[in-house]
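The numbers here are math on the coordinates, done by the rules we state, and not lab data. Everything numeric here is computed off the predicted structure, so don't read it as measured data. Please note: Cβ atoms are built from the backbone with ideal geometry, for glycine as well, and neighbour counts cover all protein chains shown.
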Amino acid sequence: MSSAPVLPLARDASSRFLPWLIAFMVWLAAMALAAVLVLSSYGNQWRSNLTGTLTVQITTTSDEAVETTEQRLNRALEIIRKTPGVVSTEAVPLKRISDLLAPWLGRDVVSESLGLPIPRLIDVRINPEKNIDVAALWERLNKEVSGTQVDDHGAWLDKLIALAGAVEAITLAVLVLISIAAVATVVFATRTSLTIHRDVIELLHVIGAKDQYVADQFHWHALTLGLKGGIAGVFLATATLLGLVSLWSGVESSLLPPISLSIWQWICVLAVAFAAAGISTVTARITVLRALGRMP
Amino acid sequence: MVLGGGDVIRFQNVGVRYGLGPKILHDVSLRLEEGSFHFLTGASGAGKSSLLRLMYLANQPSRGLISLFGHDIATTPKRDLPGLRRQVGVVFQDFRLIDHLTAMENVALPLRVAGASEEQVREHVPELLNWVGLSDQIDARPPTLSGGQKQRVAIARAIIARPKLLLADEPTGNVDDHIAMRLMHLFEELNKIGTTVVVATHNKSLVTGFAHPRLHLANGELEVLKAGTPFSEHEDETDAEDRR
């Protein structure tokens with residue numbers, strides 16, 4: 001014999017709106033979590049790509065008769081190689097520099113025949129663990145080789161990483177606020193249901209039902225609603241993220257890595273549905289047990 | 001704390017007051033021995049329902065001591081109270097049946113709450129519904145039942161778990177005299193097999209028709225009257241006022 005639930009919680013108005021609210025909050029939470037994960041990936045990628053690199057630029061001078069750019073490049077290379085903490089140096093070939101400039105200036109303009117004063121670049125790899133004094137290196141290069149500039153990626157990278165970290169922290173705060181809002185919503189919905197079914201709950205109390213018996217009914221109901229809302233929210237979030245990934249892939253950018261989530265990151269995003277169901281269930285149970293605890 | 005055995009329920013100087021309102025019960029002291037049968041009488045507002053609520057542990061007294069089956073309620077751990085409540089069957093004046101459950105499910109509730117198996121439910125509930133004359137209404141829901149049928153479902157629910165104490169609040173208030181007598185005989189049968197019974201009623205013919213002592217409440221004070229004690233003129237007057 002299948003028995004109807006003693007408390008008809010599924011008929012409550014809250015049972016109709018709660019899954020939608022949970023779905024909306026799960027969508028927000030999943031998007032915020034994905035943002036945190038992507039920003040974290042960006043930070044790691046920037047760190048691994050740019051930390052420990054310097055670019056030295058040798059500009060052309062008007063006095064090429066005294067010392068050619070090529071000669072100054074070789075002298076600069078020598079000085080840099082002797083600097084403690086430098087792992088490797090590489091003079092970027094003129095052809096590669098021309099290739100980099102061609103999209104902006106045109107192939108004809110950068111061709112050697114026009115004699116455009118194209119600066120030479122040295123790609124320097126340094127040991128990130130050795131605290132190399134970039135300012136001192138720059139000063140020495142300037143003193144010994146005219147027309148040199150040192151571009152320390154670490155300086156602006158630190159600012160960028162700090163910015164990414166701040167955005168990540170704000171997004172995490174949003175995630176926490178969404179969780180608090182979810183808990184508050186479930187608390188109010190549960191209290192409303194307790195009020196609606198007060199007579200039946202009092203009857204159950206009088207005939208000897210333990211608080212856990214009543215709490216179990218709310219527990220399973222909240223789990224069902226949480227899962228319904230959670231799965232819907234995650235489904236929407238997945239669709240939104242896939243749409244964003246598709247749009248992003250059409251944007252060419254050398255600085256921003258493509259939006260992509262690893263399999264573990266996708267699992268984290270999908271787990272938001274189960275986290276929402278868990279939060280709903282535990283919150284409903286605690287709310288009911290606290291309310292019943294006040295009964296004689 | 002376990003108090004002296006023999007008494008199913010014991011009140012010592014119990015008083016009840018809701019909030020800052022007037023006292024509902026004053027210094028009520030009583031002992032109900034195991035297997036006893038009492039009527040509870042009194043005018044409307046005399047405190048009968050409050051007294052019953054104390055007996056089925058729905059309320060706590062403002063003062064005094066209550067012991068149920070030898071357990072001092074004030075010192076009994078909260079986790080043990082459901083076990084005590086399961087030994088008390090209550091027939092409410094307004095039935096308190098759950099409308100979306102069938103008669104069978106309503107009666108089965110105390111068994112399910114106590115963790116009985118579905119097999120036990122299927123065995124005992126139809127049998128009891130048959131006993132109270134509702135074998136053809138097993139799957140009926142309360143809104144489709146008459147007042148008398150609801151009353152019998154409520155009684156079946158109160159006794160399905162074989163309580164040691166049965167409290168009935170105006171159990172014959174919604175039924176005709178014939179069914180009222182049948183219900184009273186049902187209570188007597190339960191009493192004969194050892195159930196302690198308290199029946200709160202306004203029905204004087206019922207009280208005079210059965211030789212049981214009477215707990216009479218007037219202005220929140222309790223008086224225990226022997227079986228056969230006639231109703232006083234004052235009781236007759238207040239009863240007439242209640243009826244009006």
Order of B:HIS26, B:HIS216 under a 10 Å beta carbon neighbour criterion, fewest first: B:HIS26, B:HIS216
Semi-axis lengths, Å, region B:1-128, gyration tensor of Cα atoms, sqrt of 5 times eigenvalues: 29, 19, 14
Rounded to 10°, Cα long-axis angle of helix A:211-249 versus longest principal axis of chain A: 30 degrees
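Treating the beta-carbon of each Lys and Arg as +1 and of each Asp and Glu as -1, no other charges, what is the dipole magnitude of the protein assembly as shown about its Cα centre, to the nearest 20 debye?
600 debye
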Degrees, to the nearest 10: A:69-82 long Cα axis against longest axis of chain A: 60 degrees
Selected from A:ALA169, A:THR240, A:HIS205, residue furthest toward positive end of dipole (chain A; charges at beta carbon): A:HIS205
Region A:186-234: Cα Rg divided by the 2.2 N^0.38 Å rule of thumb: 1.33
For the protein assembly as shown, diffusion coefficient by Stokes-Einstein and Kirkwood Rh (Cα), 4 °C, 1.567 mPa s, µm²/s: 42 µm²/s
Burial ranking of peptide ranges A:178-187, A:33-42 (average Cβ count within 10 Å, highest at the top): A:33-42, A:178-187
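Could you work out the equivalent-ellipsoid semi-axes for region A:216-296, taking the square root of 5 times each eigenvalue of the Cα gyration tensor, largest first, in whole Å?
Numbers: eigenvalues 318, 25, 15 Å².
Equivalent ellipsoid of region A:216-296: 40, 11, 9 Å, largest first.
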Coordinate range along principal axes, alpha carbons of chain A, Å, largest first: 106, 40, 27
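Eigenvalues of the Cα gyration tensor times 5, then square-rooted: what semi-axes does that give for chain B, in whole angstrom, largest first? Can you show the working numbers first?
Working: eigenvalues 160, 107, 53 Å².
After scaling each eigenvalue by five and taking roots: 28, 23, 16 Å.
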Size of electric dipole in chain A: Cβ of Lys, Arg +1 and of Asp, Glu -1, about Cα centre, debye, nearest 20: 1300 debye
Farthest toward positive dipole pole in region B:97-162 [+1 Lys/Arg, -1 Asp/Glu at C-beta], among B:LEU129, B:LEU97, B:SER117: B:LEU97
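Would you mind counting up the charge near B:VAL175? Only other residues with Cβ under 12 Å from its Cβ, with Lys and Arg at +1 and Asp and Glu at -1. Don't skip to the end; give the middle numbers.
Values: positive: B:LYS150, B:ARG152, B:ARG182; negative: B:GLU170, B:ASP176, B:ASP177.
Around B:VAL175, the charge tally is 0.
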Sites excluded, GluC sites (Glu not before Pro) in DSSP loops with at most 12 other C-beta within 10 Å, longest stretch of chain A: A:1-128
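Tell me the Kirkwood hydrodynamic radius of region A:90-228 in angstroms, computed as one over the mean inverse distance between distinct C-alpha pairs. Show your work: numbers first, answer last.
Details: mean 1/r = 0.0438 Å⁻¹.
Taking the inverse mean of 1/r over all distinct Cα pairs, region A:90-228 comes out at 22.8 Å.
Rounded, prolate or oblate: which fits region B:97-162, taking a ≥ b ≥ c as square roots of the Cα gyration tensor eigenvalues, rounded meaning a/c under 1.5, else prolate when a/b beats b/c?
Details: a/c = 1.75, a/b = 1.51, b/c = 1.16.
In terms of gyration-tensor shape, prolate.
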